[in-house]
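Scroll down for the structure; my scribbles are underneath it.
The values are calculated or read from the model by the stated rules, or taken from the named source; none is laboratory data. Computed from a prediction, not measured in an experiment: that's the story for all the values here. Note that we place each Cβ from the backbone using ideal geometry, even for glycine, and neighbour counts take in every protein chain shown.
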Amino acid sequence: CKIVVLISGSGSNLQAIIDQGQTTGSHYQVAAVISNKPQALGLVRAQEAGIATACVEHTQFDSRESFDIALSEVIDQFQPDLVVLAGFMRILTPDFVRRYLGRLLNIHPSLLPKYPGLHTHQRAIDAGDSEAGATVHFVTEELDGGPPVLQAKVPILPGDSAETLANRVLSKEHLIYPAAVNWFAQGKLTLRHSEAFFDDVQI
Ligand code: GRF
């Protein structure tokens, strides 16, 4: 299974996916990493792993539509079976989402349906929640609203800042995202009738 990973920043989830992809029992290869930001550390991580990289800078386009068309042209050069959003901080157009429907995954740092959008950790702390987490989900046209695939929970501890909580959540993201990608790669995870469908999955 060939995957293309889209990033905007640090790429720690990308690193976890690359590392897992190199182990036995992994059923996918990262064919390319594409960033909308030229300075993204994730591009360096990809290069160090010998993976093709590309940058499509959103600032060079005058609309979301034209950016997404250019982005999909670069993605399609690699003919991926799956497109993985890993800290890709752009809202995608309906046309883009439809093009990759059923083969587009995202990870969001909250226990969806709680806290779609930004600043999830601060919002969870401010709400007095006792736990937070991350959700892998199929991407649909609704922002952070697609069918959930896998969630991990962590406690919110007294004295947590958004940063300490984000780090605790990230360490779980690095476990669940490669697992979900590997399920998809094995044909054990599909989108059916707008729901995630599982066949013989194991953690
Ligand atoms: C993660 O928290 C992810 O859930 C969110 O953006 C962050 C990306 O981190 N969508 P990284 O670039 O993978 O380190």
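A few notes on this one:
- Residues being in contact with a helix residue (DSSP H, G or I) (Cβ under 9 Å, 6 or more places away or on another chain), closer than 28 Å to Gln186 by Cα and modelled with pLDDT under 95 are represented in segment 25-32 by at least one member.
- Asp95 vs. criteria in contact (Cβ under 8 Å) with a residue 24 or more places away in the chain, away from the ligand (no atom under 13 Å from the Cβ), part of a helix (DSSP H, G or I) and not small (Gly, Ala, Ser): yes
- Taking the criterion of being closer than 16 Å to Asn106 by Cβ and more than 11 Å from the ligand (Cβ to nearest atom), the residues of segment 1-19 that qualify are Ile3, Val4.
- In segment 49-68, the residue that is farthest from the chain's Cα centre (by Cα) out of those that are without any contact (Cβ under 8 Å) to a residue 12 or more places away in the chain and either under 19 Å from Pro94 (Cβ atoms) or in a loop (DSSP other than H, G, I, E, B) (or both) is Asp62.
- Subset tally (residues that are closer than 15 Å to Val83 by Cα, outside any loop (DSSP other than H, G, I, E, B) and either more than 11 Å from the ligand (Cβ to nearest atom) or among the hydrophobic types (A, V, I, L, M, F, W, C) (or both)) for segment 20-42: 7
- Of all the listed residues (Ile17, Ile107), the sole one being touching a helix residue (DSSP H, G or I) at 6+ places or on another chain (Cβ under 6 Å), within 20 Å of Ala180 (Cα to Cα), in a helix (DSSP H, G or I) and β-branched (Val, Ile, Thr) is Ile17.
- Within segment 152-172, considering residues that are among the hydroxyl-bearing types (Ser, Thr, Tyr) and over 19 Å from the mean Cα position of the chain (by Cα), the one farthest from Arg123 (Cα to Cα): Thr164
- From the options Gly145, Gly133, Gly128, Gly117, residue that is over 18 Å from the mean Cα position of the chain (by Cα) and either more than 26 Å from Gly21 (Cα to Cα) or in a strand (DSSP E or B) (or both): Gly128
- Selection count where residues are at negative phi and more than 9 Å from the ligand (Cβ to nearest atom), scope segment 98-113: 10
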